[in-house]
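Read the figures in this text as sums done on the coordinates, not as results from a lab. On a predicted model such as this, the values are computed, not experimentally measured, just so you know. For neighbour counting, all protein chains shown are included, and Cβ atoms are generated from backbone atoms with ideal geometry for every residue, glycine included.
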Amino acid sequence: MAAKIKKGDRVVVLTGKDKGRTGNVLKVLPTENRVLVEGCNMVQRHTRPSQADPQGGIKNKEASLHLSNVAIADANGKATRVGFKIDGDTKVRIAKTTGDVI
């Protein structure tokens, strides 16, 4: 089955502490049905000093969100469902609200 959300897509967070925020998809984890969104679901990670990071300390990073908690943002910036259609000889994703190709 074709992926409805891909890396680089602009998505809207539907639930949770970041509800309503938009961001770009940094990484998709298809086996876990999760996605990393830029600037959303930030968590603090306590790290020890190492050769790569001699300072160590508390670092902020994105945690993954479940795919069901995000939706593609259409041209207007609103959440939309994703559909598929055949355009010539290629299969393309379309936004259900506007009908535009994503």
Q: Taking all pairs of distinct Cα atoms, average 1/r, flip it, and tell me the Kirkwood hydrodynamic radius of the chain in Å to one decimal place.
A: 15.1
Q | Relative contact order computed over the chain (Cα-Cα under 8 Å; 6+ residues apart), in percent | A | 21
**Q.** Nearest-0.05 FRET efficiency for residue 24 and residue 85, computed from C-beta distance (R0 35 Å)
**A.** 0.90
Q: Mind pulling the per residue volume of the convex hull built on the Cα atoms of the stretch 52-92? Å³ is fine.
A: 181
Q | Computed E for residue 101/residue 76 - FRET, C-beta separation, R0 22 angstrom, nearest 0.05 | A | 0.90
Q. Tell me, what ³J(HN,Hα) does each residue in the stretch 24-33 have, in order and in whole Hz, if you take phi through Karplus 6.51 cos²θ - 1.76 cosθ + 1.60 with θ = phi - 60° and put x for Gly and Pro?
A. 8, 6, 8, 7, 10, 10, x, 6, 9, 6
